[in-house]
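> Starting off with a structure, shown below.
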Amino acid sequence: MKSDRNNELDRLTSKMIDGKLSENEAASLSDLLSTSTEAVARYQELMDNHEALCAIYPGQVYRDGIDSQPDISVFLPDENPTKADSSSSLISLRRLTLAAAALFAVGLLGYLLGLGSEVTVANIDKSGVTTVALPDEQTIAGHATLRRSVDLEWAKSATAYRDGDVILNGPLKFAAGLAEVDFFCGATLIIEGPAELEIESDWSVKVIAGRLRANVPPAARGFVVKTLESEIIDLGTEFALDVGIDRIRVEVIDGEVELRGGRHDGEHLLTGEQRILQGTDIDDNFDALSTLDDLRNRRSDAASQRIADWQSSVNTLANDERLVAYFPMSASDSDRSVSNAARTGRSLDGILIGPVARTNGRFGVGTSGLEFDRPGSRMRMRIDHEFSAFTFACWAKFDSLDQVYNSILMADGYETGEPHWQIRNDGRLMFSVMVDDTQSSRHYSKLDQGFVDSAGLARVYYSEPFWDASQSGKWFHLAVVYDPVKRQVTQYVDGKRNSSEPIPDKFFIDRLKLGPSEIGNWGQPFRKTPWFAVRNLNGAIDELAVFDAALNDAEIETLYTNGKPLGY
C-alpha cells in the first residue's frame, strides 16, 4: 500500500501536470522533493510515465513543455547547507515548481486541443495567484452562403465566390449566370445576372441592379430588400424584384410584403399585386424570371456535361507516360480497394484499411471520394519505383484540421529519399523529403519561433495558409512539385502557385523513392510500441496522382481546370 507521503506526492504532481497547482501546494511539493531522495525518484518516475503516455502527441509545443522541466537534481538537498542557502533554495524551488506547472499547462493544452477537448489553462503570476483562461474561440465573418450556381461570370475586380462559400458583407457582383444565395436568417434569393447587390447583414440586402426571386420562410419573416428609394419588408413567403436602368418593379408571388419609403410608402401588397417603385409602368410580368426548379434543371444538365468532360480527361491522363500511380476514386465502388488507372497496372492498386467510408465526390451524387475521419482509416499502396522528381496532385476537402499534422500522402518509414505530404492545423501544406535517415538535425523554425529537433536530416517546406474554418467541406485541388534539376519545391492550390522555395544544398537529394505508403493517414508501421501519432485526415480525397516528373505551372493548371466541379 502506498504511504501517505507517496499519495500526497502523486496528488501534487498530478495537479502540477494539469496546471492546477496552488501556491501552497507548490510549496508542499518543493518541501517533499527537497527533503527526500525517495520522493525525487518517485517524481522522476511519474514524469517518465507521463512523457511516455503522451508520445502519441506529435506536436513540438507539447515536446517543448516536457523538455523544459527543471533538472530534478536541483531538488536534492545539499550535504551541508547553510540556513540562508536553505531558505533561498526553497524559494527558488517553489518558483521552479510554479514555472513547471505553467509549462505543463501549456503543453497539456496542445495535447488536449489535439483531442478536441474543452480545456482551461492555469496561469500563475509572480504573486502566486492562479487565473484561468479559456482558449480563443475560432470565428469567421459572413452573412450568407452561395448555395448553388450555374454559369456564373464574375465581374472584373469583384470577389469571386464558389458554391458553398460564406459571403462577406459588401458587394456581390456578377456579369452573367444564375446564383442561389442563402442568408443565415433563412431567406433565399435566386438571382439572375447581370446583377449587383450589397450584402448588409443576415437580414438585409441592397439591390443595385438585377432580377431576383426572394423566398422568405416564417423563420426569416422581416427580411429586408432595399432599392434606391424604397425598402421591401417580407411578411411571408415569396416576391420578385426587377431593378433595371430606368425602372424598379416588385411583385408578390405568394404572401405579403410591406413597402417603406418612396412613392408607395406604407403600402402592403398581397399575392398577385405589383408596384412600380421607380420609373414608368409598362404592361409585362415576371413570368420569365428564373425559379428554383429552373436553377436545379440547368445545374443538373451542366453537371452531367461537366462529369463527361472530366471522364474524358481521365482517360487522357491515364496514358501519360510520366504517371506512376493514379487513383480516381470514382472509378471503383469497392469497399476494399481502389484501382490504379495508370499504365503501370493493377499491382499498384490501393487497399482500403479500417473504417474508410465512401462519400460523395466533388461532383456530387454519382461520384465518390474516400473519407478518413476515423483514426484507423487509411489507404495503403506500394510503389517500388525510383523517381527523378516528384509531382503529387489530388482533390481533397477538409472538414476540420483536428490534428497538428494531417496526412495526405506519407511514405511508411520516412527513410532516405522518401516524402511526406501533409497539411498542418494552421492551414499550411507541408512537404518534405528525408535526406539522410541516419542523421538528426536541429534548425530554427520561423513558424514555431524556436529551434526544432528532427529525427533524420530533412527540411519541411511550408505553403502559405489557405484553409480556415470557413473553408470546411470545400474541395481543393492541391499539388506539390519537388524538382531536383531546378532545385525548387513549389506548392499549388487550385491550379495557382501558392509558394516556391529553393532546396538548400544541405537538404538536396535526387535519389527519390516512395515504397510502402499511405493516403489519408500515417500509422508508422515500423514503430516498436503500440502508440502511434494520430494524423488521419478529417475529410476526404477524391482523386490522387503520382508523377515521376516535375510538372510545370501550365500543366498543374490544366489538371485543375480539367477536374474542377461546377461553381469553381
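> Tell me, what % of the accessible area of the range 1-40 is carbon and sulfur with a 1.4 angstrom probe?
46
> Might you work out the accessible area of Asp553 for me, using a 1.4 Å probe with all protein chains in place, and round it to the nearest 10 Å²?
Per-residue accessible area (Asp553): approximately 60 Å².
> Rounded to the nearest 0.05, what FRET efficiency do Lys506 and Glu321 give with R0 = 45 Å and r taken as the Cβ-Cβ distance? Could you check?
0.85
> Please work out whether the range 321-563 counts as rounded, prolate or oblate from its C-alpha gyration tensor, where a ≥ b ≥ c are the square roots of the eigenvalues and a/c under 1.5 means rounded, while otherwise a/b larger than b/c means prolate and anything else oblate?
Taking the square roots of the gyration eigenvalues as a ≥ b ≥ c, the range 321-563 is rounded.
> Once you have the Cα-Cα distance between Asn562 and Thr139, take 0.36 nm times their residue separation minus that, and quote the gain in nm to one decimal.
Working: separation 423, 0.36 × 423 = 152.28 nm, distance 3.37 nm.
Full-extension gain reported as 148.9 nm.
> At 1.4 Å probe size, with every protein chain present, just tell me what the per residue accessible area of the range 144-292 comes to in Å².
On the way: 6620 Å² over 149 residues.
It amounts to 44 Å² per residue over the range 144-292.
> Based on the mean of other Cβ atoms within 10 Å per residue, sort peptides 236-247, 300-311 so the most packed one is first.
In descending order of packing, they fall as 236-247, 300-311.
> A further question follows. Ignoring any ligand, DNA or RNA, what whole percent of the accessible area of the range 321-563 comes from carbon and sulfur when the probe is 1.4 angstrom? Walk me through the numbers on the way to the answer.
Working: 4730 of 9910 Å².
C and S fraction of accessible area: 48 percent.
> Check Asn169: other-chain or 5+ apart residues with amide H under 5 Å from its amide H, H built from backbone geometry?
Residues meeting the amide H criterion: Gly142, His143.
> Using 0.36 nm per residue of separation minus the Cα-Cα distance, give me the extension gain between Ala41 and Glu386 in nm, one decimal. Each step should come with its number before you reach the end.
Numbers: separation 345, 0.36 × 345 = 124.20 nm, distance 5.10 nm.
Extra length available between Ala41 and Glu386 comes to 119.1 nm.
> Rank by packing, highest mean first: peptides 150-163, 379-392, with packing defined as the count of other Cβ atoms within 10 Å averaged across residues.
379-392, 150-163
> Something else about it: Assuming R0 = 25 Å, what is the FRET efficiency of Gln488 and Arg346, from their Cβ-Cβ distance, to the nearest 0.05?
Approximately 0.15, to the nearest 0.05.
> Using only protein heavy atoms and a 1.4 Å probe, report how much of Val534 is accessible, in Å² to the nearest 10.
Roughly 50 Å² of Val534 is accessible to a 1.4 Å probe.
> Can you tell me the order of 394-406, 13-25 when each peptide is scored by its average per-residue count of other Cβ atoms within 10 angstrom, highest first?
So the order, starting with the most tightly packed, is 394-406, 13-25.
> Given a 1.4 Å probe and every protein chain left where it sits, what share in percent of the accessible area of the range 144-292 is carbon and sulfur?
Exposed carbon and sulfur together represent 48 percent of the surface.
> Quick one: accessible area per residue over the range 321-563, 1.4 Å probe, rounded to a whole number of Å²?
On the way: 9910 Å² over 243 residues.
Normalised by residue count, the accessible surface of the range 321-563 is 41 Å².
> On to the next question. At 7 Å along Cα-to-Cβ for each site, give me the label-to-label distance between Leu228 and Asp294 in nm.
2.4
> Taking the Cα atoms of the range 144-292 alone, what are Rg (to one decimal) and Dmax (as a whole number) in Å?
Cα-based Rg and Dmax for the range 144-292 come out at 14.2, 39 Å.
> Rolling a 1.4 Å sphere over the protein heavy atoms, what is the accessible area per residue of the range 1-40, to the nearest Å²?
Accessible area per residue, the range 1-40: 53 Å².
The values are calculated or read from the model by the stated rules, or taken from the named source; none is laboratory data. The structure presented is a predicted model; accordingly, all values stated were derived computationally and were not measured. A quick note on method: Cβ atoms are made from the backbone with ideal geometry, for glycine too, and the neighbour counts reach across all protein chains shown. To get the accessible areas, we keep the full protein, side chains included, count just its heavy atoms, and leave off ligands, DNA and RNA. Shrake-Rupley method; radii C 1.70, N 1.55, O 1.52, S 1.80 Å.
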